[in-house]
Amino acid sequence: MKKNKIRSSIFLLTLLLVIGTGCSQHNPDAGTPKNTDEVGQSSPQTVVDKKTDTFREGVMIDVSAYKNEQKYKELLQTLESNMNAMVKKDAVAFEKTFLSQKDFESNRFFLDTQDRYQFVGKPTIIEQEDKDRIDVGVRYRVKGSEVGENFKETGIMYNFKKDASGDWKVIMID
């Protein structure tokens, strides 16, 4: 079991490094990273000038790659509910997407800020070997006081686990 977690961690780290390397190549004419819809990258973060790209608060992810995957249907609905609740700063709806109260409280900081969010690109679903957990990488843009008039684009990883009734719930957003 421990060996599987180590392998999963190494795989995820390798994936993040590959994506990070690809995203660090810039097109001098565009001023933005080439691979803007790659996910799961925690660094580097790119501040994008609002003149070269636009920020529109909301959930604009493309799940078409998974539309025929019935096993992901509920998981993607939970993901979308969570992101919409984050955009709307709706604590009740946000809490409903988490496995436990403790999980909700440890991720509440997404709501307790003036930051505004735009979720973009194609999510990446990563099934873990132990089959009771699925990770989903998502790209998002955040606009807040930290970046002024610009916004920052980065990625986050959602960790999902099934609850007692078999529904997929968020355990952590990393």
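Would region 120-135 turn up any residue that is modelled with pLDDT of 95 or more and at positive phi? Yes, the conditions are met somewhere in region 120-135. Whenever a residue of region 56-79 is at positive phi and modelled with pLDDT of 95 or more, its partners that are surrounded by 11 or more Cβ atoms within 10 Å (Cβ to Cβ) and aliphatic (A, V, I, L, M), lying with C-beta atoms within less than 8 angstrom and at least six residues away or across chains, give the pairs 58/87.
One residue stands out in region 122-161 among those that are more than 19 Å from residue 66 (Cα to Cα) and basic (Lys, Arg): the one that is farthest from the chain's Cα centre (by Cα), namely 143. Of the helices (runs of 4 or more DSSP H) lying entirely inside region 72-174, the ones with 3 or more residues being in contact with a strand residue (DSSP E or B) (Cβ under 9 Å, 6 or more places away or on another chain) and within 25 Å of residue 54 (Cα to Cα) are found at 73-88. Kindly indicate whether residue 103 is under 16 Å from residue 155 (Cβ atoms) and more than 13 Å from the chain's Cα centre (by Cα). Considered against the rule, which asks whether it is under 16 Å from residue 155 (Cβ atoms) and more than 13 Å from the chain's Cα centre (by Cα), residue 103 comes out as no. Take the conditions among the polar types (S, T, N, Q) and touching a residue at least 12 places away in the same chain (Cβ under 8 Å) and apply them to residue 114. Does it pass? So residue 114 passes the test.
The values are calculated or read from the model by the stated rules, or taken from the named source; none is laboratory data. Since the structure is predicted, the reported quantities are computational estimates derived from the model, not experimental observations. Note that each Cβ is placed from the backbone with ideal geometry, even for glycine, and that neighbours are counted across all protein chains shown.
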